[in-house]
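Please treat every number below as a calculation from the coordinates, not as lab data. The model shown is predicted, which means the values in this text are computed figures rather than measured ones. Note that we place each Cβ from the backbone using ideal geometry, even for glycine, and neighbour counts take in every protein chain shown.
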Amino acid sequence: MLKSIAVLTSGGDSPGMNAATRAVVRTAIYEGVRVFGINNGYQGMIQDDIHELNSRSVSDIIQRGGTFLGTARSEEFKTEAGRQKALENLRKHGIEGLVIIGGDGSLTGGALLSKMGNIPIVGLPGTIDNDVWGTDYTIGADTAVNTILDAINKLRDTASSHRRIIVIEVMGRTSGWLAMMAGIAGGAEYVLVPEAKFNLDEICKDLKSSYKDGRRYSIVVVAEGAGSGIEIGKIIGEKTGIDTRVSVLGHIQRGGSPSVEDRLKASILGERAALAVISGISNVVFGFNAGKVVSIDLFDSVNNTKTLDPELVRLARVLA
Ligand code: F6P
């Protein structure tokens, strides 16, 4: 059993990271294990921004979006010298195991660190994109999709008043998960995702004829990985001749108080990660599949690409 562990959050922040960190910290303390927080992700590890935490350090954070530890995308950590420095700092503090909360890139960083240092590493999937292989849940995705849904509902009001087409660009990097889930739940006419081909000419023809038949408005959700919402909106407006507006939701999708699902699942995963790393288990990522906690091999997770369920693509088309 380890005597001292650390936790960090890395990459894009996501609602629920605080709940996960809190669970890691409180579980470690419950087990009589010292726990350190590393500020600003891997960059803080390199810069020795590492501080011991106690139970009170994580009070009053479960309801907050963002991550109280801070996060970063560290270029230096991508170098061997950077990772070496980071490992030396862990050793200096007597840290024997590490919990990493972050997305695909952050978990890849963990895999690289694991290959270099003899230190147990456990990952938790923390990203709004829900693009981590091996788990159908990532911390923050539920809150983000609800934020998008709220935006769609509001945009629908104004679209309908003005008989406009509204194009909404949402985040997700190379994944269409956020767009697809929010698009189906928000009753969008079109959901454009990088995982499925679409024909903009056909879409414009359909939009034109449905407006002729009396349609009052249309909602088109575009995943950022499928193209620029601004460009797509411009083409739609020009080709259909229908008044079109574009809304790029941006970083508003990353903030906000986490949903019940994100708080609960992050807490469950945080406890599992802490218990695993304390007992010396390494190179695993904990996630959820079909409602149950699963443990995924870290290297499998970072070396595989999660795909979007084609059934969802089909459903979005049927219901449009
Ligand atoms: O990975 C999370 C994410 O929000 C992506 O959806 C988006 O493409 C990216 O991060 C934005 O990154 P940044 O906050 O660095 O601009």
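Among beta bridges identified by DSSP and lying wholly in the chain, the antiparallel ones come to about 20 percent. Less than 5 angstrom separates the built amide H of residue 294 from those of 287, 288, 289, all sequence-distant by 5 or more or on a different chain. Can you check what the net charge comes to around residue 288, using other residues whose Cβ is under 9 Å from the Cβ of residue 288 (Lys, Arg +1; Asp, Glu -1)? Combined, the nearby Lys, Arg, Asp and Glu give +1.
Pick from 231, 88, 271: which residue has the top mean-square fluctuation in a GNM of the chain where Cα pairs under 10 Å get a spring? In this elastic network of the chain, the residue with the biggest mean-square fluctuation among 231, 88, 271 is 231.
Short-range pairs are left out: with C-alpha atoms under 8 Å and at least six residues apart, the relative contact order of the chain is 25 percent. The 3J(HN,Hα) values that the Karplus relation (6.51, -1.76, 1.60; θ = phi - 60°) gives for the range 215-221 are, in residue order, 4, 8, 6, 9, 10, 10, 9 Hz. Gly and Pro appear as x. When +1 charges are put on Lys and Arg Cβ atoms and -1 charges on Asp and Glu Cβ atoms, the dipole computed for the chain relative to its Cα centre reaches about 440 debye. Taken as Cα centroids, the range 76-123 and the range 267-319 sit 20 Å apart, rounded to the nearest whole angstrom. 3J(HN,Hα) along the range 149-162: 4, 4, 5, 4, 4, 6, 5, 4, 4, 6, 4, 5, 4, 9 Hz, from the Karplus curve 6.51 cos²θ - 1.76 cosθ + 1.60 with θ = phi - 60°, whole Hz, x for Gly and Pro. Dipole magnitude for the range 1-117: about 200 debye, using +1 per Lys or Arg Cβ and -1 per Asp or Glu Cβ, origin at the Cα centre.
Near residue 265: Cβ cut-off under 15 Å, other residues only, Lys/Arg at +1 and Asp/Glu at -1. The net charge is -1.
Each other residue within a Cβ distance under 11 Å of residue 128 adds +1 if Lys or Arg and -1 if Asp or Glu, for a net charge of -3. Placing +1 on the Cβ of every Lys and Arg and -1 on the Cβ of every Asp and Glu, with nothing else charged, gives the range 70-163 a dipole about its Cα centre of roughly 220 debye. Structure note, pairs 78/265; 154/197; 154/306; 212/239; 208/234; 3/265: Cα-Cα distances above 19 angstrom occur for 78/265; 154/197; 154/306; 3/265.
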